[in-house]
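Below: one structure, written as structure tokens.
Read-outs: derived from the displayed coordinates by stated rules, not from any lab. Treat the numbers as computed from the prediction; the structure is a model and nothing was measured. Here the Cβ is made from the backbone with ideal geometry for all residues, glycine too, and neighbour counts use every protein chain on show.
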Amino acid sequence: MGRAFVYVIVGGGVAAGYAALEFTKRGVSPGELCIVSEEPVPPYERPALSKGYLLPEAPARLPSFHTCVGANEERLTSKWYNEHGIELVLGTRVKSADVRRKTLITATGETISYKFLIIATGARVLKLEEFGVNGSDAENVCYLRDLADANRLVNVMQSCVGGNAVVIGGGYIGMECAASLVINKINVTMVFPEAHCMARLFTPKIASYYEDYYKSKGVKFIKGTVLSSFDIDSNGKVVAVNLRDGSRLPTDMVVVGIGIRPNTNLFEGQLTLEKGGIKVNGKLQSSNSSIYAVGDVATFPLKLFGETRRLEHVDSARKSARHAVAAIMEPDKTGEFDYLPFFYSRVFSLSWQFYGDNTGEVIHFGDFSGGTFGAYWVNKNHLSGSFLEGGTKEEYEAIAKATRLKPAIEDLGELELQGLGFALAV
Ligand code: FAD
Ligand code: NDP
């Protein structure tokens, strides 16, 4: 049993959705493109799962957040794929790939062959078991990566209103889920190993602002320790979390967000890997010229900073997907991917954006008592990164533009005095 396509995308997440739209814009013919996805629904905007999806009132539900609404483009439902002659093979895991034969084999035993393949398999969550703790399968322990996880989290949350939750991890999932739990009237304790939340991006001063805000909403923080075990009752429910520092936290539910690993396994030993991802060039092309990789799974050259990176954010998934399609369909007209890293989050009534690279010296500016504030990173006398909380659209555009231009910074004191005005004047 087998089918052949010109273009195949393995994985049906954010990057796949944006790639599909780009294919149609560039004139793919009906029957040429196939997407194979383990998920049972067409590509959707994953960021919604930790935000709108978890709201107690009028939560976001599909089809409202199928790609590509996040970029104010068309919303691609099953009907759209159908109308464009794009074959969507859903609920189907690809279990092996043969890059020499240019074939994929699915869990249902079908062979799908391609002329060009886009790898958009994203990432999987890291499980507690990988850190030597058992209990991930307890019925009130939640991870969050896909729609099935989000549905489970909603159900567990609804059964715990007025109760307690322990959130393990102080990164994106931890921070966004903690806020959603509070909004659902659940008492939250966050536990993470670092000295402050969002340690890979935030400075201690920025982190302290968000932690104080969370504390004002009732969230408790236990920092500098990790969990060592769960107490599980005879019904298979976690009733308490034991920490390595010896403390015990009785709880009704647990949310775990301790990072991810890219889904590279289908291609290990067949394609070159780097920094945990599939290594691609500036055209998003892997070590095999018929295969491209995009989104969370790709390690690509970041021209702006002269090094390769793997990013785990939606904007890079969207843009790398579009670029790969352009490189496949119009190779002569498509240059090197030139990406400015962009991360953001929204929690409670807060909202921040970050552009660039958080390396070098940091200059904070603005009103840390509840107004607009931010930070610049200055590396080798040039602006390398900018963070802003509570900005307007124009202000975010200004920090993005300034960061991309990497202006020379001679006087850090002057930069601090100018604050946001510096970016607005660049
Ligand atoms: P994914 O969207 O993860 O898609 C991968 C797809 O591949 C999935 O459908 C998966 O089932 C499928 N797949 C994997 N292996 C196989 C296989 N063998 N066979 C078939 N299918 C397979 N980023 C931001 O910048 N801002 C945010 O606010 C934000 N919020 C987020 C909230 C949540 C809850 C999560 C989990 C992530 C969030 N992110 C956010 C990160 C962002 O969603 C990811 O960077 C983005 O989804 C990456 O897109 P992708 O297509 O590479 O991978
Ligand atoms: P992150 O990498 O953001 O954070 C993981 C956190 O867990 C870090 O604080 C990490 O510490 C900590 N940690 C690691 N091991 C342990 C442990 N054994 N016990 C307790 N804490 C531990 O990953 P998330 O899981 O939060 O997010 C998953 C993915 O989803 C990421 O790709 C992220 O980009 C994406 N996402 C993005 C959002 C956004 O951009 N707004 C929103 C939601 C998700 P350390 O740093 O020391 O490893």
Computed over the stretch 240-370, the Cα gyration tensor eigenvalues, each multiplied by 5 and square-rooted, give semi-axes in Å (largest first) of 34, 23, 14
So for the stretch 323-393, using the alpha carbon gyration tensor with a ≥ b ≥ c as root eigenvalues (a/c under 1.5 gives rounded; past that, a/b versus b/c decides prolate or oblate), I'd call it oblate
Once amide hydrogens are built 1.01 Å from N within the peptide plane, the residues lying 5 or more places from residue 186 or on another chain with amide H under 5 Å from its amide H are 162
Gyration tensor on Cα atoms of the stretch 299-426, a ≥ b ≥ c root eigenvalues, a/c under 1.5 rounded, else prolate if a/b beats b/c, else oblate, says prolate
With a ≥ b ≥ c from the Cα gyration tensor eigenvalues, square-rooted, and the rule rounded for a/c under 1.5, otherwise prolate when a/b > b/c and oblate otherwise, the stretch 209-263 is oblate
To the nearest 0.05, the calculated FRET efficiency linking residue 199 and residue 308 through their beta-carbon distance, R0 being 25 Å, is 0.65
Note: probe point = Cα of residue 406 + 7 Å toward Cβ; backbone nitrogen < 19 Å; residues of the stretch 301-324 passing the test are 301-311
Scattering profile of the stretch 1-71 from the Debye formula, Cα beads only, expressed as log10 I(q)/I(0) at q = 0.16, 0.21, 0.24, 0.25 Å⁻¹, is -0.62, -0.91, -1.08, -1.13
Quick calc, the stretch 300-426, dipole around Cα centre from Cβ unit charges on Lys, Arg (+) and Asp, Glu (-), nearest 20 debye, gives 540 debye
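How big is the dipole moment of the stretch 222-288 about its Cα centre under a simple scheme where the beta carbon of each Lys and Arg is +1, that of each Asp and Glu is -1, and everything else is neutral? Debye, nearest 20, please.
Value, rounded to 20: 300 debye.
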Toy charge model, Lys and Arg Cβ at +1, Asp and Glu Cβ at -1: the chain dipole around Cα centroid in debye, rounded to 20, equals 800 debye
In Å, the Kirkwood estimate of hydrodynamic radius for the stretch 149-195 over Cα pairs equals 10.8 Å
Per the rule of 0.36 nm per residue minus the C-alpha distance, extending residue 129 to residue 270 adds in nm 48.0 nm
For the chain, percent of DSSP beta bridges that are antiparallel (nearest 5) comes out at 60 percent
Checking rank on 417-426, 364-373, with mean other Cβ inside 10 Å and highest first, the result is 417-426, 364-373
If N is the residue count of the stretch 234-310, its Cα Rg over 2.2 N^0.38 Å rounds to 1.73
Relative contact order of the stretch 83-226 (C-alpha contacts under 8 Å, at least 6 apart) in percent is 14 percent
Packing-ranked peptide list from 348-361, 110-123, highest mean Cβ count within 10 angstrom first, is 110-123, 348-361
Amide H neighbours of residue 385 at under 5 Å, excluding residues fewer than 5 places away on the same chain, with H built from the backbone geometry, are 357, 377
So, with points 7 Å from each Cα along the Cβ direction, the residue 216-residue 397 label distance in nm works out to 3.0 nm
Taking 324-335, 405-416 and ranking on average Cβ neighbours within 10 Å, highest first, one gets 324-335, 405-416
Taking N as the number of residues in the chain, the ratio of its alpha carbon radius of gyration to 2.2 N^0.38 Å works out to 1.02
The rounded separation in angstrom of the Cα centers of the stretch 1-62 and the stretch 214-287 is 25 Å
Using the Kirkwood radius over Cα pairs of the stretch 287-337, the Stokes-Einstein translational diffusion coefficient at 10 °C and 1.306 mPa s, in µm²/s and rounded to a whole number, is 139 µm²/s
